[in-house]
Amino acid sequence: MHTLVLVKQVPDTKNAKLHPVTYTIDRSSTVNITNPSDLHAVEAAVRLKETYGGIVSSLSMGPPSAVETIRETIQMGVDHGFMISDRAFAGADTLATAYALSIAAQKIERTVSPLDLIITGKMTIDGDTGQVGPGVARRLGWYVLTNVVDIVEVQLKDRLMTVRRQNNSGYEVVRTPLPALLAVDPSINKPRRASMPNMVRAARYQPTIWSANDLEGVDRSKLGLKGSPTIVRKVFPPPKPEGGERVEGSLEDQVKFLTKILLERPEWIKTREKV
Amino acid sequence: MQGRALILGERKDGKLRQVTLEATSAAKKVTSGEVVVLLLGDGSDASTKEMLGAYGADRLLTIEHEALRHYTSDAFMQALRAAVDHVQPEVIVFGHTAIGKDIAPRLAARLGAGLISDVVDIVEKDGVVHFVRPIYAGKAFEERTIEKAPMMFTIRPNNIAPLAESAGRNVQEETLALEIKDLRSMIEEVVKKATSGVDLSEAKIVVSGGRGTKGEEGFKLLYELAEVLGGAVGASRGACDAGYVDYALQIGQTGKVVTPDLYIACGISGAIQHLAGMSASKVIVAINKDPEAPIFQVADYGIVGDMFEVLPPLIEAFKKIKSA
């Protein structure tokens, strides 16, 4: 079984500072991390390898610094790491990103072996879209399952897998043919710590890096800014939270106050609507 | 823009979801053309038609099929593509719901269309439509434009107000026959969670608990309060990780994003990932023992206190009011 995990290096938005004028992320004061959600995807792929055998590859699109993210996947037990890195990819929105990744995934199939499965995280913490996984699946003509919370079973012989996924009202158990793309929910597992041998291997690991020229048959008009139908016009901060009123007094006073504001709710909300 | 708009309508227990009416309103901000709402699965009743008309839709397109009663992206993709061929829309709108998040990127890739997800506001500047969406876990917003038709976007529930109701508008109804073939995936089992009817992402009132609930006992109080207020119960990731409640209730960046009129946070400290899922709520009440908890920075009303002391008398007070 050959599983590919899509990973992204992102600014640590949890601790990031925004530039006071442009409101983009201030790179000088922000560290890059592997998108937290993607580590659950790596863990799921490595567990599949441990149960069913086979190999795991990882793929990332990004600047040269994304080597660190590939190394992190190697630490967790991924066998082969790949990157696509080129100025031609810069400024890509989700459509152009999905296109480039799908072309690279096909090259991985030619380079290593055909893929049975692609696993992605739920979304990245910088873009917050969750669009790239389903977009890649569509490009490859594969089936896609999002919000996967459990991989129940893989029947390699019959080329089928069964997963549990969250839907609007609860869960459903779905059986799907392979190859397929799964976007996993963070609740699916706890990413492991690196083992000593894997850490040693990762430290020296050099991923295979492809430029746009290395991707045979790629349509350059679909890459990067040129291939992106959506454009960012402006970035701005949310209204500063002022912190509200502290409700003081005895327990009885506090409860009385709460009851009162809850009862006044409809009118009160209209006059205090936030941006 | 004057082209047609297509909206993937959603229903729950046979009733239109609020987000579908919000999508109708959103479509009207983008185009002056006809707004077509697509409903999949079962046929529609008179009250659905009436409601769609009252809230600004011009046409209702239904595709009835057994395979569309439950969502699978395979069957829905086939239906959506047929609808797109039929309607030839220049604008396609989805709710940012489990279904919209799943299907919109696939359709966008198929059409080679631009897609903007999780839109919270739509503004026009010099004749160009700008879509506003949160980024970096809500630390900032971006305005994005789509350079070519069709324009596709998903809207975050409870952010774009439905149009004012206008009675007596007629909706043309049309049924599209469709043969659905080669379904590759099969749903083997559907487990409905007992989340008391009110859908978390669309609820007007959300009562939410964190680690401070200490477990099932604490959540029992939250369920009682939610019931007397007519709201839904949510949870922080901490509470889900601790096993107090199911992840289906998780609110935050990786869980559900909610924008209710009223959010009551009990025993939640307010990590940024949680704030990303709820800080745009119109009114936030926080109850926490720790006066330094970050949740108080976004709360309109903060009570430094023990939820186990505050909630029981509050529930009692509302029970009395309701029975009076």
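Could you compute the net charge surrounding B:Ser201? Neighbours are other residues with a C-beta less than 13 Å from the C-beta of B:Ser201; K and R count +1, D and E count -1. Charge balance in the 13 Å sphere: +1. Couplings 3J(HN,Hα) for segment B:270-277, derived from phi with the Karplus relation 6.51 cos²θ - 1.76 cosθ + 1.60 (θ = phi - 60°), are x, 4, 4, 4, 6, 4, 4, x Hz, where x marks Gly and Pro.
Considering every alpha-carbon pair of segment B:200-323, the percent of pairs per 10 Å bin, from zero through the bin containing the longest distance, is 15, 51, 31, 3.
The amide H of A:Met161, built 1.01 Å from its N in the peptide plane, has A:Gln155, A:Thr176, A:Leu178 as neighbours under 5 Å, considering only residues 5 or more places off or on other chains.
Using the Cα coordinates of segment B:5-175, the gyration tensor eigenvalues translate into equivalent-ellipsoid semi-axes of 24, 19, 15 Å, sorted from longest to shortest. Which net charge results for the neighbourhood of B:Pro105, defined as the other residues with beta-carbon distances under 11 angstrom from its beta-carbon, given Lys and Arg at +1 and Asp and Glu at -1? Surrounding charge for B:Pro105 is +4. A crude spin-label estimate for the pair A:Thr30 and B:Arg110, with each label 7 Å from Cα along the Cβ direction, gives 3.5 nm. The charge dipole of chain B, taken about the Cα centre with unit charges on the Cβ atoms of Lys, Arg (+1) and Asp, Glu (-1), comes to about 260 debye, rounded to the nearest 20. Amide H to amide H distances under 5 Å link B:Gly234 with B:Val207, B:Ser208, B:Gly209, where only residues 5 or more positions off or on other chains count and H is placed in the peptide plane. Each Cα pair of segment A:128-275 feeds into the Kirkwood radius, which the Stokes-Einstein equation turns, at 37 °C and 0.692 mPa s, into a diffusion coefficient of 148 µm²/s. Extents of the protein assembly as shown, taken as max minus min of Cα coordinates on every principal axis and listed largest first, are 73, 61, 51 Å. Projecting the Cα atoms of A:Leu262, A:Gly227, A:Gln9 onto the charge dipole of chain A (Cβ charges, centred on the Cα centre) puts A:Gly227 farthest toward the positive pole.
Filter the GluC sites (Glu not before Pro) in segment B:151-237 to those in DSSP coil with at most 12 other Cβ atoms within 10 Å of their Cβ, and list the result.
Sparse-neighbourhood loop GluC sites (Glu not before Pro): B:Glu165, B:Glu179.
Heavy atoms of chains A and B lose about 7400 Å² of accessible surface on contact, summed over both sides with a 1.4 Å probe. The loop-placed trypsin sites (Lys or Arg not before Pro) in segment B:28-83, going by DSSP, that have at most 15 neighbouring Cβ atoms within 10 Å of their Cβ come out as B:Arg69. Farthest towards the positive end of the charge dipole of chain B, among the residues B:Ile264, B:Ala293, B:Pro89, is the Cα of B:Ala293, using unit charges on the Cβ of Lys, Arg, Asp and Glu. For chain B, the relative contact order is 14 percent, taking Cα pairs closer than 8 Å that sit 6 or more residues apart in sequence and dividing their mean separation by the residue count. Altogether, the Stokes-Einstein calculation at 10 °C and 1.306 mPa s, with the Kirkwood radius of chain B over Cα pairs as Rh, returns a diffusion coefficient of 76 µm²/s. Compute the distance from the alpha-carbon center of segment B:1-21 to that of segment A:246-261, in whole Å. Segment B:1-21 and segment A:246-261 have Cα centres spaced 41 Å from each other. Using the Cβ of B:Ala57 as centre and a radius below 10 Å, the other residues enclosed give a net charge of +2, where K and R count +1 and D and E count -1.
Rounded to the nearest 20 debye, what is the charge dipole size of segment B:5-175 about its Cα centre when +1 sits on each Lys and Arg Cβ and -1 on each Asp and Glu Cβ?
420 debye
For segment A:55-131, what does the alpha-carbon gyration tensor say about shape, rounded, prolate or oblate, given a ≥ b ≥ c as the root eigenvalues, a/c under 1.5 as rounded, and a/b over b/c as prolate?
rounded
Backbone geometry of segment B:168-181 corresponds, through the Karplus equation with coefficients 6.51, -1.76 and 1.60 at θ = phi - 60°, to 3J(HN,Hα) couplings of x, 6, 9, 10, 6, 10, 9, 10, 10, 7, 8, 9, 9, 10 Hz, x marking Gly and Pro.
Largest first, the three principal axis extents of the alpha carbons in segment A:1-62 are 51, 19, 13 Å in whole numbers. With an a/c value under 1.5 for the gyration tensor axes a ≥ b ≥ c computed over the alpha-carbon atoms, segment A:2-227 is described as rounded.
Considering only DSSP beta bridges whose two residues both sit in the protein assembly as shown, what percent are antiparallel, to the nearest 5?
35 percent
Taking amide H as placed 1.01 Å from N in the peptide plane, the amide H of B:Ile284 sits under 5 Å from that of B:Tyr263, B:Asp300, B:Tyr301, each at least 5 places away or on another chain. Within straight-line reach of B:Lys181, meaning a Cα separation under 15 Å, sit the following aspartates and glutamates at least 8 residues removed in sequence or on another chain: B:Glu64, B:Glu66, B:Asp74.
The values are calculated or read from the model by the stated rules, or taken from the named source; none is laboratory data. What you see is a predicted model; the values in this text were computed from it and never measured. Backbone-built Cβ (ideal geometry, glycine too); neighbour counts: all protein chains shown. Accessible surface is based on the protein model in full, side chains and every heavy atom, while ligands, DNA and RNA are left aside. Shrake-Rupley method; radii C 1.70, N 1.55, O 1.52, S 1.80 Å.
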